[in-house]
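Read-outs: derived from the displayed coordinates by stated rules, not from any lab. Since the model is a prediction, treat every value here as computed from it, not as a measurement. Note that we place each Cβ from the backbone using ideal geometry, even for glycine, and neighbour counts take in every protein chain shown.
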Amino acid sequence: MPEWIRLALVIAAKDVRAELRSKTALLSATVFASLVLVIFNFARDPTALSATDLAPSALWVTFAFAAMVAMNRSFTVEREHGALDGLLLAPVPSSALFAGKLLANLAFVAAVEAVALPLFVLFFNVDLSRALPGIIGTAALATIGFVAVGTIFGAMAVRTRFAELMLPVLLLPFMVPPLIGAVQVTSRLLAARPLSEMMGWLRLLAVYDVVFVTLAALAFAFVVEE
Amino acid sequence: MTILAGTAPIVTLDRARVVVRRGVIISGVALLGIAVVVVLALGFTPVEARQGLAQKIFYLHVPSAWCTLLAFSLVGIAGGLYLWLEDPRLDRFAAASAEVGVAFATVMLTTGPIWAKPIWGTWWTWDARLTLTLFLFFLFVGYLALRAAVHDRHERARFSAVVGIMGLLLVPFVHLSVYLFRTLHPQPIVLKPSEPSLPWEMLRTLLISTAMFTLLYIGYVTIRYGIALAADAREERDVG
Amino acid sequence: MSAEPPANGGYMVAAYVVAGAILLGYFLSLARRAKQVLRKQ
C-alpha cells in the first residue's frame, strides 16, 4: 500500500488509541448530545409542533454540536501532550497527516453519532425501520464535509489562544450547507418520500464533500508548515 | 550598520503616510459623492408608488451589498494569491478588505431590516441577499478574530489566506442552499423591490450610488492598508 | 389602484441616518487609528 496511506492509518490509529484510553472527547460529546436532545424535547410545545416535524432539526443540531465538541477535544488533547510538535518534526507529508487526522476525527464523530442516534429514536419515538440505511448514508455524506473543514480549522485553532472558541466561530458558517441538506433529506426520509425528491440535496452534499475535502487536504500543507 | 538599517523603516513609515493621505482624499471625495447621491435620491428621483418613501433605502442598501461581496471576494482572491506568491502586500490588502467589508456588511444588515419592516411587516426575511450577507458577516468576523488571535505575522497571513479562500468557495454553496430551500418553501408573495424594468431615473441614481460606494471602498481600503503598512514598519524598526 | 403611497418616510430617514453614522463612524475610526500609528516617534 502506498506509504502515505500507511502513515495516515498509523496517525489515525494513534489518535484513536489515545482517545480510547482517555475517553474524554467521546464522553463529553455523548453527554452533550443527550442533553441537547432532552432540551429539544422540553423546549417545544407538543400541541403546536409534532415530534416528527422537529425531529430532523433536533437530530442534526445534536450531530453538529456534538461533532464540534469531539473535534475540539481531539486537537486540544494532542496539544496538551505536546505530541503535535513531535509529529511535525518527523518527515510526514502533510497529506498523510491530514488524512490521518481526518480519519481519526471521522471515527470520533461517527462514534458520537452512533450513540446519539439510538437516543434520538428513544426520545423522539421515531420509526427508523425503513429510513435507517438512508439516514446512515446521509449522515456519512454530510459528516465527511464538515469534519474535513473542522480538521483543518482545528489545526489552526489549536495554535491560537482561544482555541475552544475559535473552532466553532470559524466552522459554523461552513456547517450550514451540509446541515440544510442533511435536514431536508432526513425529513423526507422519515416521511418516506421518493428518492427523486431528495436528489437535489444529495447532489449538493456530494459536491460539497468533494470540494471541501480536496480543498482542506490541499490547504493543510500551509497550516502545518513551519 | 545600525544607521543604514535604521533608514529603511523610516522610508516605509513615510510611504505609509502617503498611502493614508491618498486614502483619506479618495474617501472624502466618495463621501461627498454619496452626499450628492442622497440629495439625488431624495429630491430628484421619483417615489415608488407601492412602497412609498421607504423604497429609497434601496439606493444605500444595494450598493452596500455589492461592496460587501466585492470586499469578500477580494479577501479570498488575495488570500489565494498570497499562498502562491507569499507577498506580504497581499496579506495586508486582505486584512484591510476584510475590515472594510465588515463596515459595508453592517450597513447592509441594518438598512435591510429597516427597509423590510414597513414593506414586508417583518424585520428579517431569509431572502437570498440578506442571508448571504449575514453569512459573509460571520465569515468576516471569524476571519478577523483569527487574525487577532495569531501573533506570528507569517502564520497569521497563511492562516487567514486559507480561511479566506475556503470562505470564498463556501459562498456558492450557501447561495445554492438558500435558493433550493426557498424554491421548496415558497415565501409569501411580496412586493418585489427593484429588480427588472427600473425607471431610468431610479437606475441612474442606483448606478451613481454604486459607483460612489465602490469609490468609498477603495478609499477605506487604502487608508486601512496604510495603517497596516505603518504598523509593519514600526514592528520592523522596533525589532531591527 | 390610485391609492396614496404609504407614509413610511420615517423608516427612510432612520435608514439613511444609520447608514451615514456607520460610514462616517468608520471613517473617523480609521482616521484616528492612522494618526496614532503614524505619530512621529
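Calculate how large, on average over all directions, the projected area of the Cα convex hull of the protein assembly as shown is; give the answer in nm² to one decimal. Working shown, then result.
Working: hull surface 116.5 nm².
Averaged projected hull area, Cα only: 29.1 nm².
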Could you give me the ³J(HN,Hα) list for the stretch C:10-23, computed from phi with Karplus coefficients 6.51, -1.76, 1.60 and θ = phi - 60°, whole Hz, x at Gly and Pro?
x, 5, 4, 4, 4, 5, 5, 5, 4, 4, x, 4, 5, 5
For chain A, what is the mean residue ellipticity at 222 nm derived from helices alone (per DSSP H run of n ≥ 4: -39500 (n - 2.57); sum divided by total residues; nearest 500 deg cm²/dmol)?
-29500 deg cm²/dmol
For chain A, longest principal axis from Cα atoms; helix A:94-124 axis from its Cα atoms; angle between them, nearest 10 degrees, is 20 degrees
What are the ³J(HN,Hα) couplings of the stretch B:143-158, residue after residue, when phi is run through the Karplus curve with 6.51, -1.76, 1.60 and θ = phi - 60°? Round to Hz, x for glycine and proline.
4, 5, 5, 4, 4, 5, 8, 10, 9, 6, 4, 6, 5, 4, 5, 5
From the phi angles alone, apply the Karplus equation (6.51, -1.76, 1.60; θ = phi - 60°) to the stretch B:68-74 and give each ³J(HN,Hα) in whole Hz, x where the residue is Gly or Pro.
4, 5, 4, 4, 5, 4, 5
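Would you calculate a helix-derived [θ] at 222 nm for chain C, using -39,500 (n - 2.57) for each DSSP H run of n ≥ 4 and dividing by the full residue count, to the nearest 500?
Values: 1 runs with 30 residues, N = 41.
Helices in chain C give a 222 nm mean residue ellipticity of -26500 deg cm²/dmol.
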For the stretch B:11-239, what is the charge dipole size about the Cα centre, in debye to the nearest 20, if Lys and Arg each add +1 at the Cβ and Asp and Glu each add -1 at the Cβ?
340 debye
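Write down the Å³ per residue value for the convex hull defined by the alpha carbon atoms of chain B. Write out the running numbers ahead of the final one.
Numbers: hull volume 30.5 nm³, N = 240.
Output value, Cα hull per residue: 127 Å³.
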Can you give me the pair-distance distribution of chain A, C-alpha pairs, 5 Å bins, whole percents?
1, 7, 14, 18, 19, 15, 11, 7, 4, 2, 1, 0, 0
Seen from all sides and averaged, what is the projected area of the convex hull of the Cα atoms in the stretch A:123-179, in nm²?
5.0 nm²
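Just need the relative contact order of chain A here, percent rounded to a whole number, with Cα pairs under 8 Å and 6+ apart.
Values: 238 pairs, mean separation 62.4, N = 226.
After rounding, I find 28 percent.
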Fewest-first sequence of B:E48, B:E155, C:E4 by Cβ atoms within 10 Å of each Cβ
C:E4, B:E155, B:E48
Value of D in µm² per second that Stokes-Einstein yields for chain C, Kirkwood Rh from Cα pairs, at 10 °C (1.306 mPa s):
120 µm²/s
Arrange C:S29, A:S28 by Cβ neighbour counts within 10 Å, fewest through most, would you?
C:S29, A:S28
Among B:T205, B:T214, B:T183, which one shows the biggest mean-square fluctuation in a GNM of chain B, springs joining Cα atoms closer than 10 Å?
B:T183
So, in nm, how far is label A:V31 from label B:A128 when the simple model puts each one 7 Å beyond its Cα toward the Cβ?
4.6 nm
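What ranking of B:H154, B:H61 emerges when the number of other C-beta atoms within 10 Å of each C-beta is taken as an exposure proxy, fewest first? Don't skip to the end; give the middle numbers.
Working: B:H154 13, B:H61 27.
Fewest to most other Cβ atoms nearby, the residues stand as B:H154, B:H61.
Starting from the exponent 0.38 and prefactor 2.2 Å, build the expected Rg for the stretch A:99-226 from its residue count and divide its actual Cα Rg by it.
Values: Rg = 16.0 Å, N = 128, 2.2 N^0.38 = 13.9 Å.
Ratio of Rg to 2.2 N^0.38 Å for the stretch A:99-226: 1.15.
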Pick from A:G134, A:G145, A:G154: which residue has the top mean-square fluctuation in a GNM of chain A where Cα pairs under 10 Å get a spring?
A:G134
